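Let me give you the structure first, and then I'll get to my questions.
Every number here is computed from the coordinates shown, using simple stated rules; none is lab data. Note that the structure is a prediction, hence the values are computed from the model and not measured. Glycine also receives a Cβ, built like all others from the backbone with ideal geometry; neighbour counts cover every protein chain displayed.
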Ligand SMILES: C[S@@+](CC[C@H](N)C(=O)[O-])C[C@H]1O[C@@H](n2cnc3c(N)ncnc32)[C@H](O)[C@@H]1O
């Protein structure tokens, strides 16, 4: 499998090692920009949409500080594996899992989600979640192919992320490209292309359950506070515009 992702993964690890406390101060334990005003509504939405249920074994690929994992393990009788590329986040997650007495229900590993098939046994998980994490990938197709290997037949992958809009108008397309490039630089992101992501899922033999707009009203106040506090300016003097679509994608591994 191509390892062209390694440079980007190293950058992302350094980014979260450095920025985790800043996220913690503004976002709290759930590092997701597209959200309703409170964490509980966001995580209940995810729980339902991703089809999480008692008895499942779940991988949270790009788990942050295990905020979502801790919520799901309290709400349901599930076993959750968290994975983060950032050693700092993994230590913070371990501390929080212990603080919540959930050591029997959540494990956390430092590793790269491009290498899932080397980290976990084949056919292990009922669900794999990428909650605003796959957009950091240097090579999303490799991460998706790797996820397929460790899902049980009938298991599902759930991806929440955003995809740049496209335009026939060259000037507007240039503006979109500029904002995406600023966002990638500021957030160590690598904004995904929707068509390529769907192509990668289908080439890996996933079958599509749904692709849809996320069904809650976004509250941008936390993201705006974060960007104001840390001097992040995505539009650099341009008038702000809607440059990306937030979508949820769920696919299953055929039986
Ligand atoms: C925006 S945060 C989202 C965190 C978490 N899903 C949440 O909802 O709080 C992105 C997460 O993806 C993780 N991540 C990014 N690239 C990764 C990779 N190649 N392998 C594993 N984790 C990765 C980061 O370490 C970070 O924890």
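Evaluate the distance, in nm, between pseudo-label points positioned 7 Å from the Cα of residue 177 and of residue 236 along their respective Cα→Cβ axes.
About 1.3 nm, to one decimal.
Please report the spacing between the Cα centers of region 212-231 and region 1-55 in Å, no decimals.
14
Further question: What ranking, highest mean first, results for peptides 128-141, 43-56 when packing means the other Cβ atoms within 10 Å averaged over each residue? The partial results should precede the final answer.
Working: 128-141: 23.6, 43-56: 15.9.
Ranking the peptides 128-141, 43-56 by packing returns 128-141, 43-56.
Taking each pair of different alpha-carbon atoms in the chain once, compute 1/r for the pair, average those values, and report the inverse of that mean as the Kirkwood hydrodynamic radius in Å to one decimal. Let's see the in-between values first.
Values: mean 1/r = 0.0539 Å⁻¹.
After inverting the pairwise mean of 1/r, the radius is 18.6 Å.
Turning to a different aspect of this structure: For the chain, what does the helix formula give at 222 nm: sum of -39500 (n - 2.57) over DSSP H segments with n ≥ 4, over the residue count, nearest 500 deg cm²/dmol? Mind showing how you got there, number by number?
Working: 9 runs with 107 residues, N = 255.
Theoretical 222 nm ellipticity from helices: -13000 deg cm²/dmol.
Still on this structure, please answer the following. Would you mind getting me the FRET efficiency between residue 203 and residue 169? Use the beta-carbon distance for r and R0 = 25 Å, nearest 0.05. Before the final figure, lay out each step's value.
On the way: r = 31 Å, r/R0 = 1.23.
The value I calculate is 0.20.
Now for a different question. Applying a 10 Å radius around every beta-carbon, put 210-216, 113-119, 67-73 in order of their mean neighbour count, most first.
On the way: 210-216: 12.6, 113-119: 20.4, 67-73: 24.1.
By packing density, highest mean first, the sequence is 67-73, 113-119, 210-216.
Given a Förster distance of 41 Å, report the FRET efficiency between residue 221 and residue 123 from their Cβ-Cβ distance, rounded to the nearest 0.05. Write out the running numbers ahead of the final one.
Details: r = 42 Å, r/R0 = 1.02.
Efficiency for this residue pair is about 0.45.
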